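For reference, the structure is listed below as structure tokens.
The values are calculated or read from the model by the stated rules, or taken from the named source; none is laboratory data. Keep in mind that what you see is a predicted model, and the values were worked out from it rather than measured. All Cβ positions, even for glycine, are placed from backbone atoms using ideal geometry, and neighbour counts span all protein chains on display.
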């Protein structure tokens, strides 16, 4: 059985995003358009299956700065 080993680049990539749930059966492109309409031009939704998406910035910055 093959095993996957993440690299530091993989870890950095995933740490700059969050997993979110799409409610009410909304289509992902519709939600993405709403995000763009709100002025967040560098945020993308990456489908993960079912109602889950990975929210990530195209600029590589943290989408939820603390």
* In this structure, is residue 53 under 14 Å from the mean Cα position of the chain (by Cα) and at pLDDT below 90? -> no
* Structure fact -> Of (1) surrounded by 10 or more Cβ atoms within 10 Å (Cβ to Cβ); (2) without any contact (Cβ under 8 Å) to a residue 40 or more places away in the chain; (3) not in a helix (DSSP H, G or I), residue 24 fails just (1)
* Return yes or no: is residue 53 surrounded by 12 or more Cβ atoms within 10 Å (Cβ to Cβ) and not in a loop (DSSP other than H, G, I, E, B)? => yes
* **Residues of segment 27-40 that turn out to be exposed (fewer than 10 other Cβ atoms within 10 Å of the Cβ) and part of a loop (DSSP other than H, G, I, E, B), as a count** => 3
* To do: Would you mind stating whether residue 44 is out of contact with any helix residue (DSSP H, G or I) (no Cβ under 8 Å at 6 or more places or on another chain), touching a residue at least 12 places away in the same chain (Cβ under 8 Å), part of a strand (DSSP E or B) and surrounded by 14 or more Cβ atoms within 10 Å (Cβ to Cβ)?
  => no
* Structure fact -> Residues of segment 2-20 being in a helix (DSSP H, G or I) and in contact with a strand residue (DSSP E or B) (Cβ under 9 Å, 6 or more places away or on another chain), in sequence order, are 13, 14
